[in-house]
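Below is one structure, written out as structure tokens; the observations come after it.
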Amino acid sequence: MSIGLDDVIAAETTLSHVDGEAGRLIIRGHDLEELAGRVSFEETTAMLWEGLVSVGSDPRALFGEARERAFRYLSPLAKRLAGLTPVEGMRLLLSALPDSDKDPASLAIGGSGVAAAMAIRGAKGLAPVAPDASLGHAADLLRMIKGAPVDESRAKGLDTYLVTVIDHGLNASTFTARVVASTGAGLLSAVVAGLCALKGPLHGGAPGPVLDMLDAIGTVANADAWLDDAMARGERLMGFGHRIYRVRDPRADVLKTAAARLKGGDNRIAFAEAVEQTALNVLQRRKPGRRLDTNVEFYTAILLDSLGVPREGFTPLFAAGRTAGWVAHAREQENAGRIIRPQSRYVGPWPKQAA
């Protein structure tokens, strides 16, 4: 039996492939590096959905209209966000979107963007900002979070992030979305289920603590001692190691480049690079038999922090990007036409035989 279903094949997919040994992520026949920072989130989503969901000739316009449609559903719930964390607020909002919508796939994309922005603002007691359908998805999402237009470099940075996290094999949230989709529950229900799985700190909740770690380290001079002490206490170094990758996570370099390109802001990139190298040295010294390299969380934290996103909003933005992947997998699973129903092995007590 495989605890955690390691190496168990549960689906066949045309959507993405993770090569952990080579440090490679393939999205619909393209290496991630061919897409992130080069192809927009809307265009990448259209490519991911090809043959599964029709987006027409203008996915940017389609998703812009979907954001406006989602806002009409969700804006009445803004007052319910007080006291909720952003990810819990996003869960509440997405649950209000109907599976019966005329185009649930586009609504999922529009809705996840609007819900992420509303939940991030709502957690601070701020009123929601209505979407602008004329903007690209990333630019509008960042505008709805910040309450003001953003420059092109920042919109590009968020767009790169959304593409980078758009899909990643059969991870926990994607598998959850496929299980729900296999029951015929509907696309929006599958997306809500995916978010519930992503919410867990072992899956999508880790980028924020990377900044907590950097804050605690404080200076480059303090990095080696701080990181070594953390390892001695048996603590995990946030942003390092991955269950699948045995080498460097390819998403880390994509996001590192995106963060370094941002203009006019303190992106902490030089400090992050120094801490990263020190952490890799400490890990090699402390765990010489294991390859623990930088993962997506490390430079996700640096990039999103540079964009002015509060750290408690990182997971909602992860979900906003991954929704495209959840929808694609849900459609793929629906087309398979068979409910996912694995077996378990009973190891409990048996009834006593009658005398």
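The values are calculated or read from the model by the stated rules, or taken from the named source; none is laboratory data. All values reported here derive from a predicted model rather than from experimental measurement. In this analysis, Cβ positions are derived from the backbone assuming ideal geometry, glycine residues included, and neighbour counts consider all displayed protein chains.
Remark: pairs (first residue in the range 8-20, within 12 Å of Q333 (Cβ to Cβ); second residue in a loop (DSSP other than H, G, I, E, B); Cβ separation under 7 Å; 6+ apart in sequence or on different chains) = A10/L170; A11/L170; L15/R28; L15/D167. Helices (runs of 4 or more DSSP H) fully within the range 151-235 that include at least 1 residues being acidic (D, E) and either modelled with pLDDT of 95 or more or farther than 30 Å from T14 by Cβ (or both): 152-164, 207-217, 220-232.
Can L52 be described as of a type outside the set (F, W, Y) and under 26 Å from R311 (Cβ atoms)? Taking the combined requirement at face value, the residue does not satisfy it. Of the residues contained in the range 163-174, one or more are found to be of a type in the set (G, A, S) and out of contact with any strand residue (DSSP E or B) (no Cβ under 9 Å at 6 or more places or on another chain). Taking the range 1-32 as the range and being in a helix (DSSP H, G or I) and crowded, with 16+ Cβ neighbours inside 10 Å as the test, only L32 passes. When G51, G37, G56 are checked against the criterion of being surrounded by 15 or more Cβ atoms within 10 Å (Cβ to Cβ) and part of a loop (DSSP other than H, G, I, E, B), G37 stands alone in meeting it.
Checking the range 311-330 against the condition returns no match, with no residue being over 20 Å from the mean Cα position of the chain (by Cα), of a type outside the set (V, I, T), buried (at least 17 other Cβ atoms within 10 Å of the Cβ) and assigned to a helix (DSSP H, G or I). Of the numbered criteria (1) within 22 Å of the chain's Cα centre (by Cα); (2) touching a residue at least 24 places away in the same chain (Cβ under 8 Å), the one E68 fails is (1).
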